[in-house]
Amino acid sequence: MFQFILAIILVVIAIVAAFYGAFLAGNGEKGAPVAAAVILVIVAFGFYAWGGVKSVPVKNIGIPVNFGAVGSTVFDPGAHETWEPWMHITDINETVQTVSYEDRGNDTGSSCNGGLRVRIGGQQSACADITIQYQIKPGAAASLFSDYANTGNFMTEVQNAVVVRELEQVVNTEVGDYNPITDVASVTGTSSQPSQFSSFGPAILKQMQADIGTRINVIAVLFTQLNYNSTLESKLAGIQQAYADYATAQENVNVAHEQQLALAKLGNPTMGQLIAQCLVQAKTNTNLQCIPGATTNLNLQGSAK
């Protein structure tokens, strides 16, 4: 803008010099003012052209603004000759932006201690650990700037008004019917049936891309965990413990059966043989007690006779 003002001043001086040379100077003095006027016009044109050069930093998008009006053409990184010294270029960050929510205190209250508070099945609340990565699309930068650059920091406004607001809505929609107790009970102890939770991340990413993909490039959504209140966590732990107890009992039945087969091969074993056999099996089953006593596992001698 400074170059443009300077160019205007030089043009005005050139006009005055040309007027003086043409009408006021004597016959022998007309050439010098006119020549000076020509030189001033050339210099003024140079300042005008220089003022029209605009530069956009690396990894930025340039948004043209003319007297408060936002232009529709954006500028890539580098230098550009616009021939409009009065134009202002606003730099918009084009790098990948990351928004992360992480519940650091396993708290399902209103704040979730940094997590994203969501509503799940049965009108229960949970705190989601989720990360989203996105970029502003160059073709949509001008319209986003026009919509959200009036108040506060532009990038923060876009993040809060477009990305985060949509993320909260999509996450709540996806997990709104999720029942963690039913999910855990259905997949515990199986390897063929995946958890319903594993489908949330891809589904959220797909929906986010469909909803705001024309203006925002949603790159990734990482949905790592849902944190629940202590009551629900206790119920989930109970399911896991019940399965662990069942698995232990089933293994003990298998071990007892193998012991019976081994003792049957020994015929009528002595206590020493029983202890030796028990110690061999104890290498793979740490629950066996091979020392004679009230809690010993050597009570199979009678059954072997």
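The values are calculated or read from the model by the stated rules, or taken from the named source; none is laboratory data. Please read all numbers here as calculations on a predicted model, not as lab measurements. Because the Cβ atoms are built from the backbone with ideal geometry, glycine has one as well, and the counts that use them run over all protein chains shown.
Would you call ALA7 more than 52 Å from the chain's Cα centre (by Cα) and modelled with pLDDT under 80? Criteria not met by ALA7.
The residue that is farthest from the chain's Cα centre (by Cα), counting only those in the stretch 194-228 that are over 18 Å from SER100 (Cα atoms) and β-branched (Val, Ile, Thr), is THR214.
Within the stretch 67-111, being at pLDDT below 85, outside the structural domain of ILE8 (by TED's automatic domain parsing) and of a type outside the set (Lys, Arg) holds for ASP103, GLY105, ASN106, ASP107, THR108, GLY109, SER110, SER111.
Residue-by-condition table, conditions (1) free of Cβ contacts under 8 Å to residues at least 40 places away in the same chain; (2) in contact with a Ser or Thr (Cβ under 8 Å, 6 or more places away or on another chain); (3) hydroxyl-bearing (Ser, Thr, Tyr):
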position	(1), (2), (3)
ALA35	yes, no, no
LEU40	yes, no, no
GLY46	yes, no, no
VAL53	yes, yes, no
ILE63	no, yes, no
THR73	no, no, yes
PRO77	yes, no, no
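Outside any loop (DSSP other than H, G, I, E, B) and surrounded by fewer than 16 Cβ atoms within 10 Å (Cβ to Cβ): does that describe ALA142? Spelling it out, it is not the case that ALA142 is outside any loop (DSSP other than H, G, I, E, B) and surrounded by fewer than 16 Cβ atoms within 10 Å (Cβ to Cβ).
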